[in-house]
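K.L.:
Next up is a structure, given as structure tokens.
Every number in this text was worked out from the coordinates using simple rules, so none of it is lab data. All of these numbers come straight from a predicted model, not from anything done at the bench. Reconstructed Cβ throughout: ideal geometry from the backbone, glycine too, with neighbour counts over all protein chains shown.
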């Protein structure tokens, strides 16, 4: 490690916790913000949470009302379009709903992409700047797979503890 590397390390501010861009809102499981998902014995109920309920975990309305509204509306658009939306349709969606273009492209879409709810694809052409190529957004299973892996691992841990 060089002396400049050591100086860079010293200049870094201390962490103030988890960055909001990398966090998920998890209210108490018995909170009125979350619809009941298990019975008194811990067995899952048969109800399914809708997109509006799922988006509360990424953009809690009481803290990020605008982001929440945009995310829900965009996911409903993806649902209408069978899971894939082209760039021109996104522009029209933003215009029709009078959403801020900057908020959508700088806050909502990157978050949906980062957690694995959507995947961005760009058409490629030889010799053109990728940023200016047509984009499409499609639904992704990564978010669900990620959370299922966490949940399955936790349940396996509990089973191991109880079966010792």
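K.L.:
Show the residue pairs meeting these rules: Cβ distance below 6 Å; 6+ apart or different chains; first residue within the stretch 103-115 and touching a residue at least 12 places away in the same chain (Cβ under 8 Å); second residue part of a helix (DSSP H, G or I).
P.N.:
104/70; 104/94; 107/67; 108/67; 108/70; 108/71; 115/143
K.L.:
In addition: Taking the stretch 90-129, which residues are touching a strand residue (DSSP E or B) at 6+ places or on another chain (Cβ under 9 Å) and surrounded by fewer than 15 Cβ atoms within 10 Å (Cβ to Cβ)?
P.N.:
Of everything in the stretch 90-129, those that are touching a strand residue (DSSP E or B) at 6+ places or on another chain (Cβ under 9 Å) and surrounded by fewer than 15 Cβ atoms within 10 Å (Cβ to Cβ) turn out to be 120, 121, 122, 123.
K.L.:
Could I ask something else about it? Please work out which residue is nearest to residue 143 (Cα to Cα), limiting yourself to the stretch 68-88 and to residues that are part of a helix (DSSP H, G or I) and touching a strand residue (DSSP E or B) at 6+ places or on another chain (Cβ under 9 Å).
P.N.:
Looking at residues that are part of a helix (DSSP H, G or I) and touching a strand residue (DSSP E or B) at 6+ places or on another chain (Cβ under 9 Å), I get 75.
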